[in-house]
Amino acid sequence: MRRWGRRDGRDRYKIVTALNSFHGRTLGALAATGQAKYHQGFQPLPEGFTYVPYNDLAALEAAVDDATVAIMLEPVQGEAGVYPADPDYLQAVRTLCDERGLLLVLDEVQTGLGRTGRLFAFEHYGVRPDIMTLAKALGGGIPIGAMLARQEVADAFAPGAHASTFGGNPFACRVALAVLDTIVGEELPEAAAKAGASLRERLEDLGRRRGWIREVRGLGLMVGVELGGVAAADVMAAAQERGLLVNAIGQSVLRLLPPLIVTEAELDEAVGILEAALEAAAGSASQE
Ligand SMILES: Cc1ncc(COP(=O)(O)O)c(C=O)c1O
């Protein structure tokens, strides 16, 4: 991004990202992450990052100045508690980038490759990024990360400008190609869209029947459950004891990221376990 921002003799290097974002744990990605708790102990961080509230266009516009080169966002904020971008917002961010000559960078490390019910989450929004990052699902368990860019942007790198010892290694790349063949060939994004809709329906039904669930949000099989009257960490522990892995975010959100191949029978079982876990967590809370 910064090399691209300087290709025309201008000195554009600032990157605007969102509060509560999560972009990773190398120093650059950590600096891009808009959460002070992750910065703790790693300062000084690289300069030039500004954080603005997510889904707030006015704040983003106000943060852009003549030294800004890029806006970097997650299409769905995962670590923040599963908050999808508003369609109007992401489309307006694309327009802002076009008008101001900025790069739109979408971090699809968590959302990419079928998770949200489309191959890439940006497809839900009708916008295309200039740069996209991928990892997690790309390797099917093998460590690999990738940055994709429009040709003109990729041209900011000459060979060797951004190399690394294991970068582009044939083994990881061959695995990623096989993973891509499987995800696309077995239509896993479509499966995730279907299973995600079914999971959200079951969770909403559980909330209506039993309470404790204030909101169910997300895209495809990236689902956030906003809880009420029960602590997310207690529910996570109770679910784990019963054989279901979920993730607690903050006090009140559960994040569910089931496998893209999850079946209806497994969803039934999972929601049954979650119901028991909610009951157990609520019971232990009322005894305190
Ligand atoms: C949106 C997003 N970007 C990037 C990363 C990569 O993080 P790490 O550097 O910890 O692998 C993650 C990991 O959870 C993520 O959710």
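The values are calculated or read from the model by the stated rules, or taken from the named source; none is laboratory data. As the structure is a prediction and not an experimental result, all values here were calculated from the model. No Cβ is skipped: glycine too gets one built from the backbone with ideal geometry, and neighbour counts run over all protein chains shown. Calculation scope for accessible area: heavy atoms of the full protein, side chains included, ligands and nucleic acids excluded. Shrake-Rupley method; radii C 1.70, N 1.55, O 1.52, S 1.80 Å.
Structure values in brief
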| item | result |
| --- | --- |
| Single residue of R208, R214, R242 found to be out of contact with any helix residue (DSSP H, G or I) (no Cβ under 9 Å at 6 or more places or on another chain), at pLDDT 95 or above, charged (D, E, K, R) and open to solvent by 30 Å² or more (accessible area, probe 1.4 Å) | R208 |
| Residue in region 228-243 that is outside any helix (DSSP H, G or I) and among the polar types (S, T, N, Q) present | no |
| Matching residues, region 105-127, being within 12 Å of the chain's Cα centre (by Cα) and among the hydrophobic types (A, V, I, L, M, F, W, C) | L106, V109, L113, F120, A121, F122 |
| Any strands (runs of 3 or more DSSP E) falling wholly within region 1-111 and containing at least 2 residues that are within 16 Å of the ligand (Cβ to nearest atom), farther than 18 Å from A154 by Cα and modelled with pLDDT of 95 or more | 14-18, 49-52 |
| Matching option when the condition is within 23 Å of R2 (Cβ to Cβ), open to solvent by less than 40 Å² (accessible area, probe 1.4 Å) and away from the ligand (no atom under 16 Å from the Cβ), among V179, V175, V153 | V153 |
| Residue in region 144-152 that is in a helix (DSSP H, G or I), in contact (Cβ under 8 Å) with a residue 24 or more places away in the chain, more than 24 Å from V69 (Cβ to Cβ) and in contact with a Leu (Cβ under 6 Å, 6 or more places away or on another chain) present | no |
| Test for F42: is it aromatic (F, W, Y), in contact with a helix residue (DSSP H, G or I) (Cβ under 8 Å, 6 or more places away or on another chain) and surrounded by fewer than 17 Cβ atoms within 10 Å (Cβ to Cβ) | yes |
| Selection from region 112-127 of residues that are farther than 13 Å from M222 by Cα, in a helix (DSSP H, G or I) and small (G, A, S) | none |
| Contacts under 6 angstrom Cβ, first residue in region 51-80 being of a type in the set (F, W, Y), partner in a strand (DSSP E or B) and within 16 Å of the ligand (Cβ to nearest atom), 6 or more apart | Y51/T17; Y51/L19; Y51/G34; Y54/A18; Y54/Q77 |
| Residues within region 250-283 that are surrounded by 14 or more Cβ atoms within 10 Å (Cβ to Cβ) and hydroxyl-bearing (S, T, Y), tallied | 1 |
| Qualifying residue in region 128-138 (condition: at pLDDT 95 or above, assigned to a loop (DSSP other than H, G, I, E, B) and buried (at least 21 other Cβ atoms within 10 Å of the Cβ)) | yes |
| Residue check for F22: among the aromatic types (F, W, Y) and exposed (fewer than 13 other Cβ atoms within 10 Å of the Cβ) | no |
| Some residue of region 193-205 being in a helix (DSSP H, G or I), open to solvent by 70 Å² or more (accessible area, probe 1.4 Å) and farther than 30 Å from F122 by Cα | no |
